[in-house]
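The values are calculated or read from the model by the stated rules, or taken from the named source; none is laboratory data. Bear in mind that the values here come from a model prediction, so they are computed numbers and not experimental data. Positions of Cβ are backbone-derived with ideal geometry, glycine not excepted, and every protein chain shown enters the neighbour counts. Note: accessible area is taken over every heavy atom of the protein model, side chains too, but ligands, DNA and RNA are not part of it. Shrake-Rupley method; radii C 1.70, N 1.55, O 1.52, S 1.80 Å.
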Amino acid sequence: MTTSALPSAAPPRPGRDATPRVTRRNRTAKFRRRSAPYLFVLPFIVIFLAFSVYPLIFTARLSFTNWHGSGAAEWVGWGNYTYLLTSEAFWSSLGNSAVLWLLIVPIQMVLSIIVAVLLNSAKLKLRGLYRVAFIVPFVTPLVAVAQIWVVLFDQQYGAINAFLGVFGIPDVGWLTTSAWAKPTLALLFLWKTTGFIVIILLSGLQSIDSSMYEAAELDGASKLRQLWSITVPLLRRTIMFAVVLQTLAVFQMFAEPFVVTQGGPYNSTTTAGYYLYNHITRGDLGTGAANSFLLVILVMVLSLFFVRMLRAKD
C-alpha cells in the first residue's frame with residue numbers, strides 16, 4: 001500500500017513576497033531605535049516649553065504693555081523700560097544690591113576656601129560631623145532664620161545688644177538705622193549660605209591630586225604657600241561657579257529684606273528683587289516684567305564678566 005506525498009507549501013517568490021516583509025520589518029525596527037531617545041526626553045521638552053519658554057515669551061511681551069492683571073493690555077512700547085531707567089528708586093535698589101554683594105561675596109569666598117581646606121584635612125577628626133553642621137543653616141527654612149534674626153538684633157530686647165551692654169556698649173539700631181541694616185542682612189545671608197559654598201569648594205578640593213601637596217612639602221613650601229600657589233589656582237573654575245551663583249542669589253534677594261526690614265529703613269535695604277516685588281503687589285505687571293528683564297540682562301553681564309575674569313588659563 002503506497003502513501004501519497006503531501007503537497008508542500010509553495011515557496012515565497014523572492015521578488016514579490018519575502019523582501020517587502022523583511023524591508024518593512026527592518027524599517028519599523030530602525031524607526032523605533034531612532035525615535036526611542038526622543039520619546040524618553042519628550043516629557044522634559046513639554047514641561048520645559050510649558051513652564052520655561054512660554055512664560056519667558058509671555059513676560060517679554062508683557063514688558064511692552066501696561067497691564068494690571070485684568071482687561072486688555074495697553075501697548076506702551078519701550079515706556080516701561082524708559083520709566084525704570086530714569087527712576088531713582090530703580091537705581092537705588094541696584095545700588096543696595098551692589099553694596100550687599102560687596103559685603104557678602106568677597107568675604108564668603110575667602111571664608112569658604114579656608115573652611116573647605118580645613119574640612120578636607122585628613123588630620124581633622126569628626127569631619128563628617130562638621131560638614132553636616134555647616135550645611136544645616138542652608139537647609140533651614142529662611143523665614144524661620146529671618147525671624148530669629150529679628151529677635152536677636154532687636155534694638156531694645158535683642159540678645160546681641162544685651163551682650164554688648166555687658167561691656168558698656170550702648171544699644172545699636174541694627175535693623176532701624178541705614179548704617180547697620182545692610183551689614184545685618186549681609187550677616188544673615190553669610191550665615192545661611194556659606195555652608196553650601198563650602199560644600200561646593202570641598203568637592204573641588206577632593207579632585208586635586210594629593211601628590212602635588214607632597215611635592216610642595218618636599219620643596220619646603222608652607223601651608224599658606226600651598227594654599228595660594230596650588231589650591232586657589234586649581235579651584236579657579238569652582239570659585240568662578242560659586243561667585244556666579246552667589247551673584248544671582250544676591251541680586252534676587254527678596255525674603256531677607258521682606259521678613260527682616262521690609263526694605264527699610266528709608267529704603268536702604270530695598271534690593272533689586274524686593275523692588276521688583278513692589279511692582280507686583282501694586283498690580284503693575286508690565287513694569288514688573290520690564291524690571292525682571294533688566295535684572296536678567298544685568299546678571300548675565302556680571303556673570304560673563306566674572307567668568308572671563310576668573311577663567312583658568314589653559
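Note on Lys123: aspartates and glutamates with a C-alpha under 20 Å away, same-chain residues under 8 apart excluded, are Asp209, Glu214, Glu217. Considering only Ser70, Ser229, Ser268, the mean-square fluctuation computed in a Gaussian network model of the chain, springs between alpha carbons under 10 angstrom, is largest for Ser70.
For a straight C-alpha distance cut-off of 16 angstrom, no lysines are reachable from Lys30 once same-chain residues fewer than eight places away are disregarded.
Annotation: amide H-H contacts under 5 Å for Asn66 (H modelled 1.01 Å from N, sequence separation of 5 or more, or interchain): Glu74, Trp75, Val76. One equal scatterer on each Cα of the chain, no solvent, Debye formula: the resulting log10 I(q)/I(0) at q = 0.08, 0.10 Å⁻¹ is -0.58, -0.80. In the chain, the calculated helix contribution to ellipticity at 222 nm averages -22000 deg cm²/dmol per residue, counting -39,500 (n - 2.57) for every DSSP H run with n ≥ 4. Relative contact order, whole percent, for the chain stands at 25, derived from Cα pairs under 8 Å and 6 or more residues apart. Taking the longest Cα principal axis of the chain as reference, the axis of helix 178-205 is set at about 40 degrees. Among the chymotrypsin sites (Phe, Trp or Tyr not before Pro) in region 207-314, which ones are in a DSSP loop with at most 14 other Cβ atoms within 10 Å of the Cβ? Mind listing them? Answer by residue number: Tyr266. Within the same chain, lysines fewer than 8 places from Lys192 are excluded, and of the rest, those with a Cα less than 19 Å from its Cα are Lys182. The share of accessible area on the chain that comes from carbon and sulfur is 68 percent, using a 1.4 angstrom probe. Solvent-accessible surface of region 142-274, averaged per residue with a 1.4 angstrom probe and all protein chains in place: 51 square angstrom.
Of all the options Thr65, Thr23, Thr238, the one that moves most in a Gaussian network model of the chain with Cα springs shorter than 10 angstrom is Thr23. Electrostatic tally near Ser268: other residues with Cβ closer than 15 Å to its Cβ, Lys and Arg +1, Asp and Glu -1, net -1.
Model label sites at Leu248 and Met212, defined 7 Å from Cα along the beta-carbon direction, differ in position by 2.6 nm.
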